[in-house]
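A.B. asks: So that we are looking at the same thing, I have put the structure below in structure tokens.
What follows draws every value from the coordinates through simple rules; no lab data is involved. The shown structure was predicted, so the numbers you read here are calculated from the model rather than taken from an experiment. Here the Cβ is made from the backbone with ideal geometry for all residues, glycine too, and neighbour counts use every protein chain on show.
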Amino acid sequence: MFRLFGLLITVLLVSFQFWYSNASAQERERVPGWVNELASDIAWGIYEVSDGVNDAFRPALKRGWEKALTMLDLMAEKTPPRQGLVATDLDLSGQAFVARRLDEASFQNSTLHGADFTKTYLIRSLFDGVKAHEATFDGAVLERASMRAADFTGSTFDGADLSGALLDGSHLTGADLRGAIGLTQVQLDMACGDEATQLPDGLHVEACGPVPKKIR
């Protein structure tokens, strides 16, 4: 957005320079030479500044836009939220729960390898003790979800809202949380990962020990 704005201004200024260089001597006399030089300096200055601003703010704008789209998708859902879904101690590997409203659901101790929770509404849901290798939580709403002593090895959380989620003992080995929303260092201090774990800038996680046992 910022780069586009800067580019538009630059095009206008360059257009002026093009006109100036091709104008007749009589027309150029009406415009002081310093105006043309100033236009050139401004054109480059605006483009460089807008390019830097775009690079600095684009990740945050992208995350905010994706979260807004996710919430709009959920609000447009015709079916009411399915509260209290119980799917504990089950093998749900490869199952798709895409864009469903499953707030306060329980998947405790279930196997969710490769499961797809893209844009799924999972506020206050229980994922304690799950084994979810390479599961997809992109754009999911996991606010205040309990994800304690669970194994999310290789899972992705691009655009997932993890505000207030409990990650006590969670294994995030090789997980991609670069685009996660609401993730804090306090949460990560209770979890673990490895050198392949991808996190938002400024955050880190300790290395994991043995994989956790079942939650009872």
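A.B. asks: With a 10 Å Cβ neighbour count serving as the proxy for reagent exposure, in which order, fewest first, do 124, 148 appear?
C.D. replies: 124, 148
A.B. asks: OK, next. Could you calculate the FRET efficiency of residue 185 with residue 144 from 1/(1 + (r/R0)^6), where r is the beta carbon distance between them and R0 is 22 Å, rounded to 0.05?
C.D. replies: Using R0 = 22 Å, I get an efficiency of 0.75.
A.B. asks: Between residue 89 and residue 201, take the C-beta separation as r, use R0 = 41 Å, and let me know the FRET efficiency to the nearest 0.05. List each step's numbers first, then the result.
C.D. replies: Numbers: r = 38 Å, r/R0 = 0.93.
My answer for the efficiency is 0.60.
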